[in-house]
Amino acid sequence: MRTQVAIIGAGPSGLLLSQILHNAGIDSVVLERKSLDYVLGRIRAGVLEQGLVDMLDAAGVGERMHGEGFVHDGTELCFDGTRHRIDFKALTGKTVMVYGQTEVTRDLVDARRAADAQLVYEAEGVELHDFDTTKPWVTYRKDGVEHRIDCDFIAGCDGYHGVSRASAPQDSLKTFERVYPFGWLGILSETPPVSDELIYARHERGFALCSMRSAMLSRYYVQVPLDDKVEAWSDARFWDELRRRIDDKAADTIVTGPSIEKTIAPLRSFVAEPMKFGRMFLVGDAAHIVPPTGAKGLNLAASDVHYLSSALIAHYGSGEGELIERYSENALRRIWKAERFSWWMTNLMHTFPEASCFDARMQVAELDYVTSSRAGAAALAENYVGLPY
Ligand code: RFL
Ligand code: PHB
């Protein structure tokens, strides 16, 4: 089989790249290790920056998002038992969209299928070959049969544990990492959200976040020690702990119910440089991870897709190779700023095991500054709604 761009991974970055290339007349094949049901069963991001909303619109997959998603003009920061609003719209003129990553993925799969795209699920043993030449190729197994795809470029959209970064020459790869000494225990429950906007709460017992997916589906998180097990967290224990970490009004009015999903995710900051190896590109979580506190992971994957799709469209259109050569540099400049913001929000809102009383006072002083100074609030808002591409 032959295609122009072989895409490894059918998460949001692989599917969005494939859809944008298709709209520009560029052919791709997407290889995914898991089944479609598995991919759609993963509960992940919930907040989309305007830049991603615009990309989904331009790609022709924004209709359901505008019908079912929620536009948020601001968010609330809770500390010392009081909530303070950050008004994104007043401070930046921009808003964010609350719409689940699962739904974005579903919309992209529907659009790709409607266009008869080559989406191969349960592709086993994917291997990348000769991407340091002008004739790369990819092999995989499906239902016990070996397949080969010859292509012009390979896009590694296969997440943190994927094969693409592992296939890069390891002596030319530099990685940067911070692992945080806690995780997020997240639940999904079929209850109305406690507030119209997200609440990020700092508390001595640990961070908490009140988020949502729809009018009858809430997403809540509490910070937990890394070695905690989900089984140790009954629903009752989760709700009790959440109530203790948020303000009294939210604690009194929150509607609780059985959880329909409960998982613990570790928190990590990670960047791999460069993101281009000959004719192979790393995209999204394959190249970088952020702790979820700034809601940046999916949005960063989208900005990589923006840089890479523009470069490939220029290459196939006018033959211009400059954007391809600069893909890594352009993507990384924005990635490091989002890494900084996510790291800063994480340090600001969480309880660290070794933190002193002084550190705790510093967090509260910084939160007080951010919520009482227009300049402080604007810096948070500008990063949260998304820096320009
Ligand atoms: P994905 O979504 O991991 O998709 C990669 C795909 O590649 C497949 N794959 C392979 N396929 C073929 N061969 C192989 N050898 C393969 N190895 C892997 C995988 O099965 C998978 O389908 O990466 P992508 O597309 O780069 O997208 C990144 C986002 O998923 C991620 O950054 C966000 O979910 C992060 N994130 C959040 N981001 C936000 O922007 N806003 C948020 O509010 C937000 N909240 C979150 C989050 C992530 C979380 N978790 C659990 C990681 C909340 C949580 C709890
Ligand atoms: C979510 O709804 O899952 C979510 C929202 C905001 C974050 C992280 C996760 O910062």
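The values are calculated or read from the model by the stated rules, or taken from the named source; none is laboratory data. The structure presented is a predicted model; accordingly, all values stated were derived computationally and were not measured. All Cβ positions, glycine included, derive from the backbone under ideal geometry; neighbour counts span all protein chains shown.
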- request: Could you list, in sequence order, all residues of region 371-389 that are touching a Leu at 6+ places or on another chain (Cβ under 9 Å), surrounded by fewer than 20 Cβ atoms within 10 Å (Cβ to Cβ) and within 15 Å of R83 (Cβ to Cβ)?
  value: T371
message: Only one of R64, R33, R42 is within 12 Å of ligand 1 (Cβ to nearest atom) and surrounded by fewer than 21 Cβ atoms within 10 Å (Cβ to Cβ). Can you tell me which?
response: R42
statement: Restricting region 285-294 to residues that are in a helix (DSSP H, G or I) and within 16 Å of ligand 2 (Cβ to nearest atom), the one modelled with the lowest pLDDT turns out to be G294
message: So G159 passes all but one of these: (1) of a type outside the set (D, E, K, R); (2) over 22 Å from R44 (Cα atoms); (3) not in a strand (DSSP E or B). Which condition number does it fail?
response: (2)
- request: Could you figure out which of (1) crowded, with 17+ Cβ neighbours inside 10 Å; (2) without any contact (Cβ under 8 Å) to a residue 60 or more places away in the chain; (3) away from ligand 2 (no atom under 12 Å from the Cβ) isn't true of A168?
  value: (2)
message: Just the residues that are in contact (Cβ under 8 Å) with a residue 40 or more places away in the chain and not basic (K, R), please, taken from region 330-343.
response: A331, L332, I335, W336, A338, E339, F341, S342, W343
task: Filter region 295-330 for residues that are part of a helix (DSSP H, G or I) and within 16 Å of ligand 2 (Cβ to nearest atom) and give the result.
output: G297, L298, N299, L300, A301, A302
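Could you list all residues from region 247-275 that are among the charged types (D, E, K, R) and either crowded, with 24+ Cβ neighbours inside 10 Å or out of contact with any Ser or Thr (no Cβ under 8 Å at 6 or more places or on another chain) (or both)?
Listed by number, the residues that qualify are D248, K249, D252, E261, K262, R268.
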statement: Within region 97-145, the residues that are assigned to a loop (DSSP other than H, G, I, E, B), on the phi < 0 side of the Ramachandran plot and surrounded by 15 or more Cβ atoms within 10 Å (Cβ to Cβ) are Y99, G100, A117, Y121, A123, F131, P136
